[in-house]
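Colleague: Before anything else, here's the structure in question.
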Amino acid sequence: MADPSAPRSPFAPWDRRELPGLFTVEESARRVGHYAWIEMRLFEALGGWVATVPELDVKTTLGRHCYHHAWHAELWHKRLPELREMRPERLIKAPNADLEAFVAALTEPEAPELTIEKLVGVFRVLLPRKIAAYTYHLAATSRITDAPTIRSLGFILDDETTDWREGEMVLQALIRTDDEVARAARRQVELEGFMVQAGGIAGPGSLGESPPSESPSTESTVGAAS
Amino acid sequence: MRKSFPAEDLARDGRFRRARMEDRFEDPRNDLAPAGRRGGKLPPDRPDAAHAARQMMHGIFVGEIQALEGAGRTVWDFDDDEAPFALKLDMARQCWDEARHTEISVKLGEWMGTEIGEFAETTFLYQAACNPDPVLRLTGVNRALEGLAIDVFNTMREFGQASGDPVLSFCEDWMLADEVTHVKMGSDWLRRLTEHDPERRQRALEFQRVVDKLFSFRGFRGETDENPIQLARTFRRMAGFDDTEIDEIAAVSEEAVS
């Protein structure tokens with residue numbers, strides 16, 4: 001039997017979590033606010049589109065996914081006060097006008113013959129961007145101090161990847177002609193343009209690259225101090 | 001995408017057939033049906049029981065699609081200041097539930113021997129979900145129509161039990177559980193959003209009465225053997241209706257016969 005008085009490391013040998021992470025409390029909160037905003041816009045759009053698509057399997061898929069993204073928004077809403085943001089609505093906003101323009105373009109199609117355009121926006125542009133930003137957050141933040149965010153990210157990423165795969169399969173089943181291939185590609189190009197301008201769902205720096213206006217001055221300051 | 005989406009634009013594939021509510025109500029054949037094909041409670045030994053049950057299931061199926069569409073539009077149509085975030089969360093949850101019900105209804109329809117488009121679709125259910133006031137919309141849909149769904153699912157559940165169809169009774173029982181939840185949502189939001197606005201609450205309850213009356217037309221719902229759909233008092237109590245409210249719906253149903 002092990003000696004109960006023998007000292008043990010507080011971390012198991014296989015536990016490689018380290019301090020610190022890349023994000024401060026404020027930076028994590030800023031990103032979470034943007035995540036909440038885009039999840040809200042997405043679940044609203046999916047709900048609205050249900051009535052506009054004639055394909056029965058797409059209707060039920062949109063209805064199911066609508067709730068997934070609503071639940072993600074709820075998780076982010078609940079996280080903000082835990083990150084010292086007592087007025088969550090202050091941070092639940094688009095990172096910039098370009099992402100607002102992206103959402104406006106994303107939600108513009110209504111006609112029943114535009115199912116491909118609706119789904120391309122969600123499953124070939126927005127969901128990959130969300131998965132990328134969430135994965136970056138998961139990799140960058142401290143796995144000890146920001147563990148509650150990481151737990152939510154795990155649930156959400158599981159949903160997002162499953163939903164992305166399902167949506168992509170629906171799209172592949174819908175796209176059957178050269179014209180439909182061209183329509184899907186055009187739509188993707190159009191919306192990717194907005195997204196690139198926005199810098200991702202959390203704005204510039206969504207994937208860790210520093211905003212252009214900040215990175216040089218930060219580096220020179222550090223260099224000068226040393 | 002528009003903020004309000006009319007019933008006539010609801011997107012359907014080529015199998016669906018649309019009928020006007022007034023045409024269905026005013027169809028002179030309603031008075032000419034032979035005794036074996038008249039409405040009334042649906043015992044399995046009625047000569048047209050299988051046909052009537054299939055027709056009912058098809059009606060449930062299109063009703064579920066419209067309920068899904070209506071909940072989805074409530075998520076989209078209102079800005080955050082018109083409908084609180086928590087209300088939209090409930091409606092998103094309802095979208096998922098109605099999507100499942102649509103899937104269940106398609107499979108049950110196949111199980112019972114009908115197919116999509118065998119019967120016509122009216123859009124009155126969705127029309128109730130077009131009210132521009134979110135409180136009236138929630139009251140009309142979640143208390144009146146989802147309340148009707150409680151009655152319908154319980155009736156079909158009992159029909160499944162009486163006819164020895166465990167698949168039908170199993171599925172209806174699961175959907176019944178969801179509908180009780182949806183009615184509770186409606187009652188909860190009616191109370192919360194009109195806490196300081198009794199006039200708006202009265203308008204919402206009046207809208208509910210109108211919808212309840214329309215769906216009791218010609219004795220469709222009630223508590224006698226003449227009514228195809230039986231008022232499910234026990235499940236309505238679970239969903240938060242008090243006995244006075246249930247008595248009122250019963251009275252509305254009786255009035256609607258005449």
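Bear in mind these aren't lab numbers, they're just calculated from the coordinates by the rules spelled out. Quick caveat: nothing in here was measured; it's all calculated off a predicted structure. Note that each Cβ is placed from the backbone with ideal geometry, even for glycine, and that neighbours are counted across all protein chains shown.
Colleague: Counting only residues that are within 21 Å of B:L138 (Cα to Cα), out of contact with any Ser or Thr (no Cβ under 7 Å at 6 or more places or on another chain) and assigned to a helix (DSSP H, G or I), how many does the stretch B:206-232 have?
Modeller: Residues flagged as within 21 Å of B:L138 (Cα to Cα), out of contact with any Ser or Thr (no Cβ under 7 Å at 6 or more places or on another chain) and assigned to a helix (DSSP H, G or I) within the stretch B:206-232 amount to 7.
Colleague: A further question follows. Residues that are in contact with a Leu (Cβ under 6 Å, 6 or more places away or on another chain) and either surrounded by fewer than 21 Cβ atoms within 10 Å (Cβ to Cβ) or farther than 28 Å from B:G160 by Cα (or both): does the stretch B:189-198 have at least one?
Modeller: Yes, the stretch B:189-198 has at least one match.
Colleague: Next question. Given B:F119, B:F153, B:F170, which one is closer than 12 Å to B:I60 by Cβ and not in a loop (DSSP other than H, G, I, E, B)?
Modeller: Matching residue, one of B:F119, B:F153, B:F170: B:F153.
Colleague: Exactly one condition in (1) hydroxyl-bearing (S, T, Y); (2) surrounded by fewer than 19 Cβ atoms within 10 Å (Cβ to Cβ); (3) more than 19 Å from the chain's Cα centre (by Cα) is not met by A:T61; state its number.
Modeller: (2)
Colleague: Could you tell me which residue of the stretch B:72-84 is surrounded by the most Cβ atoms within 10 Å (Cβ to Cβ), considering only residues that are part of a helix (DSSP H, G or I) and more than 7 Å from every other protein chain (Cβ to nearest Cβ)? Talk me through it step by step, then tell me what you get.
Modeller: Here is the first cut: in the stretch B:72-84, the ones part of a helix (DSSP H, G or I) are B:72-77.
Still in the list and also more than 7 Å from every other protein chain (Cβ to nearest Cβ): B:74, B:77.
On the way: B:T74: 28, B:D77: 22.
Filtering first and then ranking leaves B:T74.
Colleague: Tell me, please, whether a residue that is surrounded by fewer than 16 Cβ atoms within 10 Å (Cβ to Cβ), within 11 Å of the chain's Cα centre (by Cα) and among the small types (G, A, S) can be found in the stretch A:129-146.
Modeller: Within the stretch A:129-146, one or more residues are surrounded by fewer than 16 Cβ atoms within 10 Å (Cβ to Cβ), within 11 Å of the chain's Cα centre (by Cα) and among the small types (G, A, S).
Colleague: Mind checking which residues of the stretch B:85-116 are of a type in the set (S, T, N, Q) and outside any helix (DSSP H, G or I)? Break it down stepwise before answering.
Modeller: Residues of the stretch B:85-116 that are of a type in the set (S, T, N, Q), as a first pass: B:94, B:102, B:105, B:114.
Of everything in the stretch B:85-116, just one residue is of a type in the set (S, T, N, Q) and outside any helix (DSSP H, G or I), namely B:T114.
Colleague: Within the stretch A:52-66, track down each residue that is of a type in the set (A, V, I, L, M) and either more than 7 Å from chain B (Cβ to nearest Cβ) or touching a residue at least 40 places away in the same chain (Cβ under 8 Å) (or both).
Modeller: A:V53, A:V58, A:L62
Colleague: Taking B:L125 and the conditions (1) aliphatic (A, V, I, L, M); (2) part of a helix (DSSP H, G or I); (3) surrounded by fewer than 24 Cβ atoms within 10 Å (Cβ to Cβ), which numbered condition does it fall short on, given that it satisfies the others?
Modeller: Result: B:L125 fails condition (3) only.
Colleague: Further, regarding this structure: Among the helices (runs of 4 or more DSSP H) confined wholly to the stretch A:42-138, which include 1 or more residues that are over 30 Å from B:R17 (Cα atoms)?
Modeller: Per the criteria, A:56-82, A:97-106.
Colleague: Hey, could you check the stretch B:147-181 for residues that are buried (at least 24 other Cβ atoms within 10 Å of the Cβ) and of a type outside the set (A, V, I, L, M, F, W, C) and say which is farthest from the chain's Cα centre (by Cα)?
Modeller: Here the residue is B:E172.
Colleague: Condition first: out of contact with any helix residue (DSSP H, G or I) (no Cβ under 6 Å at 6 or more places or on another chain) and either more than 21 Å from A:M40 (Cβ to Cβ) or within 14 Å of chain B (Cβ to nearest Cβ) (or both). Now tell me which residues in the stretch A:91-111 satisfy that.
Modeller: Of everything in the stretch A:91-111, those that are out of contact with any helix residue (DSSP H, G or I) (no Cβ under 6 Å at 6 or more places or on another chain) and either more than 21 Å from A:M40 (Cβ to Cβ) or within 14 Å of chain B (Cβ to nearest Cβ) (or both) turn out to be A:A104, A:E108, A:A111.
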